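K.L.:
Have a look at the structure that comes next, please.
The values are calculated or read from the model by the stated rules, or taken from the named source; none is laboratory data. These figures come from a predicted structure and were not determined experimentally. Quick reminder, even Gly has a Cβ in these numbers, built from the backbone with ideal geometry, and neighbours come from all protein chains shown.
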Amino acid sequence: MAASTEAMEAVGDWYHAWFTGIILMAVSRRGAPEAAELVFRVFRQQQQARFLEGQEKLGLTGLPPAIAAARYHYLSNAIGGVGVEYHEESPKKAWIRYPPPRWIWQGTAICGIPPEVNAAMLRGWHAQNGVSLNCPRLGFVCTGQTVDGYPGLEGYYLEHEHDLTEPERLRFTQAERMPRFDPAKAPALPPTWPADRLAKARRGYAMEYVRSVMQAAAAQWGAAEAGALLGLAARLTAMQHAHHAARTLGAADGPALLMALAAAQGDAARLEGDVIHQPAAALFRGLDLPPALLQAWSELHHGALLAFDPFATLEFEAGPDGLFFRLRPSHG
């Protein structure tokens with residue numbers, strides 16, 4: 001049976017929270033420069049994998065580069081459930097703005113994000129779009145960051161009269177502000193996006209960030225160090241969010257929540273005695289992750305159990321027959 005829109009949104013929130021937790025953990029345990037490098041890697045990886053493909057899917061091919069880049073961000077983020085605004089000033093200048101509340105740094109998490117970490121997102125993606133569109137004159141100008149107290153992250157794509165060097169592809173200024181957003185003049189999604197398709201896309205949007213950060217962290221720190229950091233972030237995130245997710249998914253305890261989460265993310269799972277057997281995980285489709293990163297993901301499950309029973313233990317095993325979660329009874 002297909003997951004409901006509410007269940008898919010709950011899974012999106014679950015993985016979104018873990019992604020934000022990973023970045024906060026990187027800031028607090030590794031320092032702002034390393035966290036910024038991680039964010040840069042995540043967003044450059046996403047840009048390389050999604051931007052040109054999205055140009056075709058969203059019908060943007062052939063538009064002026066500044067318009068194509070800004071419309072991509074507007075439409076793709078709207079599909080992912082992210083608040084975003086758009087203003088087209090000329091064929092060579094187009095604005096985007098991510099108003100509060102910022103999706104990526106949800107809730108009060110934004111208070112723990114240094115400006116350089118937020119700027120790394122722009123370096124990783126926005127500054128690269130001109131290169132991808134084969135327009136070396138295209139750059140991005142950031143006119144305000146929410147983490148600095150501005151009412152949104154905003155800026156504009158500008159096609160210059162000369163080719164840009166790499167440092168020139170992203171610059172910052174406080175001398176301009178995006179004009180007021182007029183939804184009637186913004187690009188519209190095709191009418192082929194019903195509510196269930198949007199819910200599935202929003203679930204996939206959050207899961208894709210987790211896929212990217214797992215790969216980026218392993219490349220940056222090595223599997224063992226990345227697994228330790230991501231695993232702790234997973235356990236803390238799950239303990240904090242388990243009861244909310246359980247209420248949304250109608251789960252009465254930890255094991256029921258794990259089964260409901262698996263179903264809501266499109267995975268088959270069955271409970272056999274004290275073992276949950278999940279033949280595969282959609283999150284890892286096409287990835288070859290080291291065991292330490294799979295173990296880190298399993299900490300989401302352990303954290304969910306601990307939120308209901310502080311004495312619960314979990315043994316995780318990944319093998320040729322799938323994923324196995326052995327739930328040990330409480331001894332408290």
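K.L.:
So if I check each of 192, 237, which one is among the β-branched types (Val, Ile, Thr), at pLDDT 95 or above and either on the phi < 0 side of the Ramachandran plot or out of contact with any His (no Cβ under 9 Å at 6 or more places or on another chain) (or both)?
P.N.:
237
K.L.:
Scan the range 158-182 for residues that are over 29 Å from the mean Cα position of the chain (by Cα) and charged (D, E, K, R) and jot them down.
P.N.:
161, 163
Conditions tested, residue by residue: (1) crowded, with 22+ Cβ neighbours inside 10 Å; (2) among the hydrophobic types (A, V, I, L, M, F, W, C); (3) out of contact with any Cys (no Cβ under 6 Å at 6 or more places or on another chain); (4) part of a helix (DSSP H, G or I).
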residue: 47; (1), (2), (3), (4): no, no, yes, yes
residue: 55; (1), (2), (3), (4): no, no, yes, yes
residue: 59; (1), (2), (3), (4): no, no, yes, no
residue: 66; (1), (2), (3), (4): yes, yes, yes, yes
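K.L.:
Which residue out of 216, 206 is in contact with a Lys or Arg (Cβ under 6 Å, 6 or more places away or on another chain), part of a helix (DSSP H, G or I) and not assigned by TED's automatic domain parsing to the domain that holds residue 106?
P.N.:
216
K.L.:
Of all residues in the range 249-278, how many are under 21 Å from residue 208 (Cβ atoms) and touching a residue at least 60 places away in the same chain (Cβ under 8 Å)?
P.N.:
Of the residues in that region, 5 qualify.
K.L.:
Shifting gears a bit: Against the definition (modelled with pLDDT of 95 or more, surrounded by fewer than 16 Cβ atoms within 10 Å (Cβ to Cβ) and either part of a helix (DSSP H, G or I) or on the phi < 0 side of the Ramachandran plot (or both)), how does residue 131 come out, yes or no?
P.N.:
yes
K.L.:
For the range 279-326, how many residues meet the condition of being within 21 Å of residue 244 (Cα to Cα), among the hydrophobic types (A, V, I, L, M, F, W, C), touching a His at 6+ places or on another chain (Cβ under 9 Å) and in contact (Cβ under 8 Å) with a residue 60 or more places away in the chain?
P.N.:
Qualifying residue count, the range 279-326: 3.
K.L.:
Need at least 1 residues that are in contact with a strand residue (DSSP E or B) (Cβ under 8 Å, 6 or more places away or on another chain) and within 18 Å of residue 14 (Cβ to Cβ) per element, so show me which strands (runs of 3 or more DSSP E) inside the range 235-332 make the cut, counting only ones lying wholly within it.
P.N.:
Result: 275-278, 313-319, 322-328.
K.L.:
Being over 27 Å from residue 20 (Cβ atoms) and surrounded by 14 or more Cβ atoms within 10 Å (Cβ to Cβ) is the filter; apply it to the range 134-157 and report the residue that is nearest to the chain's Cα centre (by Cα).
P.N.:
Out of the qualifying residues, it is 139.
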